[in-house]
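The values are calculated or read from the model by the stated rules, or taken from the named source; none is laboratory data. None of these values were measured; they are calculated from a predicted model. Note that each Cβ is placed from the backbone with ideal geometry, even for glycine, and that neighbours are counted across all protein chains shown. These accessible areas exclude ligands, DNA and RNA; they are computed on the full protein's heavy atoms, side chains included. Shrake-Rupley method; radii C 1.70, N 1.55, O 1.52, S 1.80 Å.
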Amino acid sequence: MQCEVCGSENYTEVGIIKNVWQNDKKVYQCNNCKLYFIELPTDEEIYLLYKNEYHNNIKNKLFEMAKSKMRYARSLSQFNFINKHIDCKNKKVCEIGAFDGLLLSIFKKNNCDVYGYELNDNARAYAKNKYDIDLNPNFLESKNKYDIIILSHVIEHFKDAKNVLLKIKDMLNENGYIYIEVPNSPMIDQCSHEMLIRYLSTEHIVNFNMSNLKMFVESSKLNIIECVYSNYSVSNKNESLRANILEGSLPSISNLFSFGLFGLKTFIVPKSTFTEYYDNNNIWSYGENIRIIAQISM
């Protein structure tokens, strides 16, 4: 195995991911660029995970509604961030891994031509019924070109992330932009080993931090226009509350009020749900993401 970012074969095993894939996966950290990556899943494991079942794991109706509101708040925050740095009006906007078309629907309402790709059959049907957005299942076969391509919490799910990014870059028009958002991974000394494994126990094949994500993007001959952290607008000292929000789990009694206040704010003023900052002071917190806008190098 080689590191997806720097190509190093020097890495250290940090734990085992259980109850995500058909088979348990060892997870490693590159000793050079600090990328986390797992033993590669089979094509069958990936197909079974994403084709129809992914995103269908929340059964509680209250949490379904709360997650829907949270997703809208995040999509609105992403649109505002992109629109602040790029004139989106009348642009051809494409989202890879568009799920149910929610983010694209916001661009559509703001005078953009929207296109998207999504493997999940149910999600594609929902996007058509809810937003009248047609999504295709396989972007790897696409010959189309776009002004802006969005990868929101997507690139970390690919087995061959570097070549996938190069393919997506080829789908950009001249002077086109790409937006990438991924979770920010903690370093081993920034949290307990229990929290690290809890964080890594997801469907992600690779897990980035700010430094190696920049390296990953720039290695594909893309110029970074903007790069920031993003997180929930709650205290970064309250790790358990952030974990509850991200996972959709019930908070402790001590966090009930803060959890309720955050939920109320998300329902009433969704644009205030997330905050952005340039420096996390090397203090990782659960739920922290990285946002990058990059442009084709001229």
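A quick yes/no check of all residues on (1) within 30 Å of Asn31 (Cβ to Cβ); (2) under 20 Å from the mean Cα position of the chain (by Cα); (3) among the aromatic types (Phe, Trp, Tyr):
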{"site": "Gly116", "(1), (2), (3)": "no, yes, no"}
{"site": "Ala123", "(1), (2), (3)": "no, yes, no"}
{"site": "Lys130", "(1), (2), (3)": "no, no, no"}
{"site": "Ile133", "(1), (2), (3)": "no, no, no"}
{"site": "Lys143", "(1), (2), (3)": "no, no, no"}
{"site": "Phe158", "(1), (2), (3)": "yes, yes, yes"}
{"site": "Val182", "(1), (2), (3)": "yes, yes, no"}
{"site": "Ile197", "(1), (2), (3)": "yes, yes, no"}
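Before we move on, is Val164 touching a strand residue (DSSP E or B) at 6+ places or on another chain (Cβ under 9 Å) and free of Cβ contacts under 8 Å to residues at least 40 places away in the same chain? So Val164 fits the description; yes. Inspection of region 97-106 finds no residue satisfying the criterion of being under 29 Å from Gly260 (Cα atoms), open to solvent by 10 Å² or more (accessible area, probe 1.4 Å), modelled with pLDDT under 90 and in a helix (DSSP H, G or I). Looking at Asn280, Asn231, Asn255, just one residue is closer than 14 Å to Arg74 by Cβ, open to solvent by less than 60 Å² (accessible area, probe 1.4 Å) and either part of a helix (DSSP H, G or I) or not aromatic (Phe, Trp, Tyr) (or both), and that residue is Asn231. Do the conditions hold for Asn163, that is, is it crowded, with 16+ Cβ neighbours inside 10 Å and either farther than 24 Å from Lys108 by Cα or under 16 Å from the mean Cα position of the chain (by Cα) (or both)? Answer is no for this residue.
Among the residues that make up region 22-29, is at least one of them more than 23 Å from Arg198 (Cα to Cα), in a strand (DSSP E or B), in contact with a strand residue (DSSP E or B) (Cβ under 7 Å, 6 or more places away or on another chain) and modelled with pLDDT of 95 or more? Step through it out loud before you land on a result.
Going residue by residue through region 22-29, those that are more than 23 Å from Arg198 (Cα to Cα) are none.
No, that holds for no residue.
For region 100-116, the condition of being in contact with a Gly (Cβ under 7 Å, 6 or more places away or on another chain) and over 24 Å from Ser220 (Cβ atoms) holds for at least one residue.
Between residues in region 29-58 that are more than 20 Å from Ile96 (Cβ to Cβ) and residues that are surrounded by fewer than 16 Cβ atoms within 10 Å (Cβ to Cβ) and modelled with pLDDT under 70, which pairs lie under 6 Å by C-beta distance while being six or more apart or on different chains? Every condition considered, the pairs that remain are Ile58/Glu64. Scanning region 199-216 for residues that are in contact with a helix residue (DSSP H, G or I) (Cβ under 8 Å, 6 or more places away or on another chain) and more than 13 Å from Cys33 (Cβ to Cβ) returns Glu203, His204, Ile205.
Out of Thr273, Thr266, one residue alone is crowded, with 19+ Cβ neighbours inside 10 Å, more than 22 Å from Ile155 (Cβ to Cβ) and over 19 Å from the mean Cα position of the chain (by Cα). It is Thr266.
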